[in-house]
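To start, the structure itself, in C-alpha cells.
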Amino acid sequence: MNIYVGNLSLKVTEEELRREFMAFGEVASVTILNDEYIGSGQPKGYGFVEMPSKSEGQYAIAALNGKALKGRRIDIVEALPLSDHSGNGSRNYRRVGRYSRSVRQRRR
C-alpha cells in the first residue's frame, strides 16, 4: 500500500517518518520529495510511505492522520495509483496548435 504524507515539516527526515510508521507494521520504503530539479535540494513538505500490508497501512493512516510531527499536523491518505494511459488529450492539442512542427506556407 502506497501512502501519501503531506504537510510535513521541512525538518522531518525519512528515518523519523519511517519510525512513526514502523509502530504499525513493516515499512518497505520512505521517500520525502525535494527540489532537486531546481538545484536547492530543499524538502517539498510531502512524501510517500510504502507498506506491504494494506491492513497495516490503513491502521497507520487512521492512527497518524492529524498527528503533530515536529510542530506540524500531518495529513495522511492512501496514495492514488498511477494512471495506465498517457493523459487526457491536452498534449495532442498542442501538437495541432501553435507548437506544431509542421511549417505553414504563405498564401499568394
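Could you order peptides 44-55, 61-72 by the average number of other Cβ atoms within 10 Å of their residues, highest first?
Listed from highest to lowest mean packing, they are 44-55, 61-72.
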Inset, instruction - Could you pull out every one of the lysines with an alpha carbon less than 16 Å from that of K44, ignoring same-chain neighbours closer than 8 positions? - result: K11, K70
Legend entry - Sum of side-chain charges, M51 neighbourhood, beta-carbon under 15 Å (Lys, Arg +1; Asp, Glu -1): -3
Legend entry - Rough spin-label spacing in nm, given labels placed 7 Å along Cα→Cβ, for T31 and F48: 0.5 nm
Legend entry - Förster-model FRET efficiency, 25 Å R0, A62 and K11, C-beta, rounded to 0.05: 0.50
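Rule-based calculations on the coordinates, nothing more; no lab input. On a predicted model such as this, the values are computed, not experimentally measured, just so you know. In this analysis, Cβ positions are derived from the backbone assuming ideal geometry, glycine residues included, and neighbour counts consider all displayed protein chains.
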